[in-house]
Amino acid sequence: MKIPMPEISLEEQLQKMQRDWDERARENARYYVATGKNDWSDEEFFQSGERTIGDEILTDMINICQGKDPKQMRVLEIGCGAGRVTRALAGIFGEVHAVDVSGEMVARARKALAPSRPNAFVYQNNGKDLTVIPGGGYDFAFSTIVFQHIPSREVIYSYVREVHRLLRPGALFKFQVQGDSSMETTPDDTWLGVAFSDDDAVEMAEACGFEPRHRHGAGEQYFWLWFFKK
């Protein structure tokens, strides 16, 4: 018989996310950001961020820029970790505003960005919203290998609604969720996130004010979503 898991409040989930990611950052921040290597050098780590941008941003500039000059665009990044992708984004776009729940990760990201990326701004947030980010009218939002670690559908919905609030009409939020429903998670697991089916993704887009124009990888760990603000 399957033993039911004890209830955990949203506040407890968020506190545990912060504690766990702070601990991972202190242990080996770069490994937990990108588990392909245990001993990343500076050059290798940031080159891996450039590869991510090459694969997921530079191949998709029509959807992302929509005719705008990238150097005139303000972009959001959810879950910046140690700044691996943030640094690469700041080499392309005019301004990058990034958040992470872990203060330890944020400290490492700021160190990685200074002084070569003065157009990148990193904030520690509360793990569920973007109230720390100034202004609005952002032109693009991006998140990779982040929501796969969030065990709460409520938290992911909150982030998607917050991105909607900050984007200009028509702008794209390109991000991943966990798509493999065969991997079970629990409310206190901050490594394996809650899974979304294709129908779940469409439902979330519509509930949060987005058009789910493209999707790729349903049923897989890296389920990419292209949500355009209505």
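Any read-out appearing in this document is the output of simple, stated calculations on the displayed coordinates, not a laboratory observation. Just so you know, these numbers come straight off a predicted model, no measurement behind them. Here the Cβ is made from the backbone with ideal geometry for all residues, glycine too, and neighbour counts use every protein chain on show.
Counting only DSSP H runs of at least 4 residues, each contributing -39500 (n - 2.57), and dividing by the residue count of the chain, the helix-based mean residue ellipticity at 222 nm comes to -11500 deg cm²/dmol. Net charge around LEU192, counting only other residues with Cβ within less than 10 Å of its Cβ (Lys, Arg = +1; Asp, Glu = -1)? For residues surrounding LEU192, the net value is -3.
Pairs of lysine in segment 16-151 with Cα under 28 Å and at least 8 positions apart or on different chains: total? Total qualifying Lys-Lys pairs in segment 16-151 comes to 6. Here's how it looks for ALA98: its modeled amide H is under 5 Å from those of GLU77, PHE121, VAL122, TYR123, which are all 5 or more places away or on a different chain. What are the membrane-span-like helices in the chain by this rule: whole DSSP H runs, Cα extent along the axis at least 18 Å, mean Kyte-Doolittle hydropathy at least -1.0? Flagged H segments are 153-166.
When only alpha carbons are used to place a centre, segment 1-64 and segment 180-230 end up 17 Å from one another.
The phi-based Karplus calculation (6.51 cos²θ - 1.76 cosθ + 1.60; θ = phi - 60°) puts the 3J(HN,Hα) values of segment 137-150 at x, 5, 9, 6, 9, 9, 7, 9, 6, 10, 5, 4, 9, 9 Hz, whole numbers, x for Gly and Pro.
Backbone geometry of segment 181-195 corresponds, through the Karplus equation with coefficients 6.51, -1.76 and 1.60 at θ = phi - 60°, to 3J(HN,Hα) couplings of 6, 6, 9, 7, 10, 10, x, 9, 8, 9, 10, 9, x, 5, 8 Hz, x marking Gly and Pro.
With K and R counted +1 and D and E -1, the other residues having a Cβ less than 11 Å from that of GLU162 yield a net charge of +2. Looking only at the chain, where both bridge partners belong to it, what percent of the DSSP beta bridges are antiparallel (to the nearest 5)? Here the antiparallel bridges make up roughly 40 percent for the chain. Taking amide H positions as modeled 1.01 Å from N, with prolines and chain starts lacking one, the residues under 5 Å from HIS214 and 5 or more places away or on another chain are TRP226.
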